[in-house]
Amino acid sequence: MQTQTYDGYFENGRFYTQGKPIAIPEGRRLRVTLYNEPAQTQPPKPDLVWLAELERLVQESADEELNIEDFPRFDLGREPIIFDEDED
């Protein structure tokens, strides 16, 4: 019988490991050991600073118009097809 041990802590209904996330297959036998001592770490908090920066960049570039000249290495080998909503 092969066994694996994971060190971590339990908070708000979730088990947090000290390393990579673990996947426990359904229907496996488990043994849980609770220690009578507080965890030394806090649960991971999502770092959403990048999301605020992305949102700022999207807002800043919302009205920006791009030209094919802005991308000199981009070569289709033919003239691009312009789909204009005003044409029938």
Going through the stretch 44-70 in order, the residues found to be outside any helix (DSSP H, G or I) and modelled with pLDDT under 75 are PRO44, LYS45, PRO46, ASP47, LEU48
Within the stretch 9-26, can you find the residues that are out of contact with any Phe, Trp or Tyr (no Cβ under 7 Å at 6 or more places or on another chain) and assigned to a strand (DSSP E or B)? PHE10, GLU11, ARG14, PHE15
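The values are calculated or read from the model by the stated rules, or taken from the named source; none is laboratory data. Note that the coordinates shown come from a computational prediction; the quantities given were computed from them, not determined experimentally. Here the Cβ is made from the backbone with ideal geometry for all residues, glycine too, and neighbour counts use every protein chain on show.
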